[in-house]
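Beneath this line is the structure, given in structure tokens, with notes to follow.
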Amino acid sequence: MFARLLGKVIREKPAAVLGLATGDTMEGLYRALVASQSDWGGITTFNLDEYVGLPLEHPQSSHHFMQEHLLRHLNVPPRSVNFPDGLAKNIPAECEAYERKIFAAGGIDLQLVGIGPGGQIGFNEPTSSLASRTRIKTLTLQRRKDKARFFGGEEQVPRHVITLGIGNILASRQCVMLAFGVRKAKAVAGAVEGPITSMNPASALQLHPKATVFLDEAAAADLSLGEYYRWVHDQKPDWQKI
Ligand code: F6R
């Protein structure tokens, strides 16, 4: 369904600027986008984050993930593909340059985010400033433990990342969050129905003028108004349906 929404955005604005995310959650969506073979010739992409100090060809780099799962299968011109440079010598200057590139591209039309079990969006770990911009972040110990198996041990997991901030995500014209599986249920409920708090960075999306959340049943399990959301969805006029 989200692939259809994205297809609509691209049809309506063939030169759209997309904010893209990595992670298991995105794999099915990217498969659907590749299968749809829509025209990405005019699209510009900005990825949310990248590990600091990790070679681009490392299987866990955002760069590698995006090439494998999406970009190399589409006709998006390489010059229109952007990642924060985790190998930059001067990280603050790189973060500023990334901000300037997004501004020069006209801002992000559609930002895609997953959600971590602690409510993380991008690598904005709990207690991230809700006004934050692109910057270096230190991963939580839990996040590094969770990633250890992908890096061949906890010691190998980078300590730092560059990530778009919550302020950048809120500045996008439209934001879509995807979450699947029971592991995400608590964070999703907190993000959608809880108070806005930096302890659950995704709760900041309540301040977004146009945010949509796509969930499976398991990820939606802890929502207290689930029945109401379903009813609202069923009542949508045709023009509002995806
Ligand atoms: C990475 C990112 C992260 C992930 C989140 C969920 O670009 O944005 O916030 O979306 O950690 O990861 P998965 O999808 O692997 O469960």
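The values are calculated or read from the model by the stated rules, or taken from the named source; none is laboratory data. Computed from a predicted structure; not experimentally measured. Cβ sites come from the backbone with ideal geometry, for glycine too, and all protein chains shown count toward neighbours. When the accessible area is computed, the model is the full protein with side chains, heavy atoms only, and any ligands, DNA or RNA have been set aside. Shrake-Rupley method; radii C 1.70, N 1.55, O 1.52, S 1.80 Å.
Checking the conditions here, which among Ala93, Ala131 is more than 16 Å from the ligand (Cβ to nearest atom) and not in a loop (DSSP other than H, G, I, E, B)? Give the derivation first.
Working: Ala131 fails: not in a loop (DSSP other than H, G, I, E, B).
None of the others qualify; the one that does is Ala93.
Could you check segment 24-49 and list, in sequence order, the residues that are within 20 Å of Ser172 (Cα to Cα) and more than 16 Å from the ligand (Cβ to nearest atom)?
Answer for segment 24-49, where residues must be within 20 Å of Ser172 (Cα to Cα) and more than 16 Å from the ligand (Cβ to nearest atom): Trp40, Gly42, Ile43, Thr44.
Yes/no matrix, rows are residues, columns are (1) farther than 25 Å from Val188 by Cβ; (2) among the basic types (Lys, Arg):
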| position | (1), (2) |
| --- | --- |
| Glu94 | yes, no |
| Arg100 | yes, yes |
| Leu112 | no, no |
| Asn124 | no, no |
| Pro158 | yes, no |
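State all residues of segment 148-164 that are open to solvent by 50 Å² or more (accessible area, probe 1.4 Å) and more than 20 Å from Leu20 (Cα to Cα); if no residue qualifies, say none.
The initial filter retains those residues of segment 148-164 that are open to solvent by 50 Å² or more (accessible area, probe 1.4 Å), namely 149-150, 152, 154-156, 159-160.
Within segment 148-164, Arg149, Phe150, Gly152, Glu154, Glu155, Gln156, Arg159 qualify.
All but one of (1) in contact (Cβ under 8 Å) with a residue 12 or more places away in the chain; (2) of a type in the set (A, V, I, L, M, F, W, C); (3) more than 14 Å from the ligand (Cβ to nearest atom); (4) open to solvent by 30 Å² or more (accessible area, probe 1.4 Å) hold for Leu110; which doesn't?
Exception for Leu110: condition (4).
How many residues are in contact with a strand residue (DSSP E or B) (Cβ under 7 Å, 6 or more places away or on another chain) and assigned to a loop (DSSP other than H, G, I, E, B) when one looks only at segment 181-220? Let's see the steps before the verdict.
Within segment 181-220, the first condition is being in contact with a strand residue (DSSP E or B) (Cβ under 7 Å, 6 or more places away or on another chain), and the residues that meet it are 187-188, 190-192, 194, 201-203, 205, 208, 210-215, 219.
Okay, now just the ones that are also assigned to a loop (DSSP other than H, G, I, E, B), so 194, 208, 210, 219.
Count: 4.
Only one of Asn200, Asn168 is within 22 Å of Pro84 (Cβ to Cβ), in contact (Cβ under 8 Å) with a residue 24 or more places away in the chain and under 16 Å from the mean Cα position of the chain (by Cα); which? So that I can check it myself, show each step before the final result.
Values: Asn200 fails: within 22 Å of Pro84 (Cβ to Cβ).
The match here is Asn168.
Give just the number: which of (1) exposed (fewer than 14 other Cβ atoms within 10 Å of the Cβ); (2) more than 18 Å from the chain's Cα centre (by Cα); (3) not in a helix (DSSP H, G or I) does Leu223 not satisfy?
With respect to (1) exposed (fewer than 14 other Cβ atoms within 10 Å of the Cβ); (2) more than 18 Å from the chain's Cα centre (by Cα); (3) not in a helix (DSSP H, G or I), Leu223 is out only on (1).
So if I check each of Leu205, Leu178, which one is surrounded by 19 or more Cβ atoms within 10 Å (Cβ to Cβ) and under 23 Å from Glu12 (Cα atoms)?
Numbers: Leu205 fails: under 23 Å from Glu12 (Cα atoms).
So the residue among Leu205, Leu178 that is surrounded by 19 or more Cβ atoms within 10 Å (Cβ to Cβ) and under 23 Å from Glu12 (Cα atoms) is Leu178.
Can you tell me which of (1) part of a helix (DSSP H, G or I); (2) closer than 18 Å to Gln111 by Cβ is the one Pro84 doesn't meet?
Tallying (1) part of a helix (DSSP H, G or I); (2) closer than 18 Å to Gln111 by Cβ, Pro84 fails exactly one: (1).
Considering only residues of segment 2-58 that are in contact (Cβ under 8 Å) with a residue 60 or more places away in the chain and on the phi > 0 side of the Ramachandran plot, which is most open to solvent (accessible area, probe 1.4 Å)?
Gly53
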